[in-house]
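Below: the structure, in structure tokens.
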Amino acid sequence: MAEAAGRSVLVRYFAAAEEAAGREEERVALGTPTVGALRELLDARYGEAMRLVLRNGSFLVDGVVSRDPDAVIGERVDVLPPFAGG
């Protein structure tokens, strides 16, 4: 699958996110390196299984948990599923 030109970001998946992606990590190119752009890419690439994770999960961007679609991603982002109790 071809990716749009842009910044290369390492995406790491945990628990249910890893199951949905079928891998622990991958590099993706994002034209606009934001949480919103990554969310759209993952939704399109992995479909319903990832959509369920992203609905209540979050992203760890530079050590800070974020759901803000405008948050800018640096070199790496972790996709975190929802956790019990928080």
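The values are calculated or read from the model by the stated rules, or taken from the named source; none is laboratory data. Model, not experiment: these values are computed from the prediction. All Cβ positions, even for glycine, are placed from backbone atoms using ideal geometry, and neighbour counts span all protein chains on display.
Those residues that are more than 17 Å from P82 (Cα to Cα) and of a type in the set (S, T, N, Q), I need them from region 1-58; list them, please.
Scanning region 1-58 gives S8, T32, T34.
R12 versus (1) of a type in the set (K, R); (2) assigned to a helix (DSSP H, G or I); (3) surrounded by 14 or more Cβ atoms within 10 Å (Cβ to Cβ): which is the lone unmet condition?
The one condition R12 does not meet is (2).
Can you pull out the residues in region 26-44 that are closer than 16 Å to G57 by Cβ and touching a strand residue (DSSP E or B) at 6+ places or on another chain (Cβ under 9 Å)? Show your work before the answer.
Taking region 26-44 and keeping what is closer than 16 Å to G57 by Cβ, we get 35-36, 38-43.
Answer for region 26-44, where residues must be closer than 16 Å to G57 by Cβ and touching a strand residue (DSSP E or B) at 6+ places or on another chain (Cβ under 9 Å): V35, L38, R39, L41, L42.
Working only within region 27-42, note down all residues that are surrounded by 14 or more Cβ atoms within 10 Å (Cβ to Cβ), of a type outside the set (A, V, I, L, M, F, W, C) and in contact with a Leu (Cβ under 9 Å, 6 or more places away or on another chain).
Of everything in region 27-42, just one residue is surrounded by 14 or more Cβ atoms within 10 Å (Cβ to Cβ), of a type outside the set (A, V, I, L, M, F, W, C) and in contact with a Leu (Cβ under 9 Å, 6 or more places away or on another chain), namely R39.
Only one of (1) surrounded by fewer than 20 Cβ atoms within 10 Å (Cβ to Cβ); (2) touching a helix residue (DSSP H, G or I) at 6+ places or on another chain (Cβ under 8 Å); (3) not in a loop (DSSP other than H, G, I, E, B) is not met by A17, so which one is it?
All conditions pass for A17, except number (1).
Please give the number of the condition G6 fails out of (1) of a type outside the set (S, T, Y); (2) at pLDDT 95 or above; (3) in contact with a Ser or Thr (Cβ under 9 Å, 6 or more places away or on another chain); (4) exposed (fewer than 14 other Cβ atoms within 10 Å of the Cβ).
Failing condition for G6: (2).
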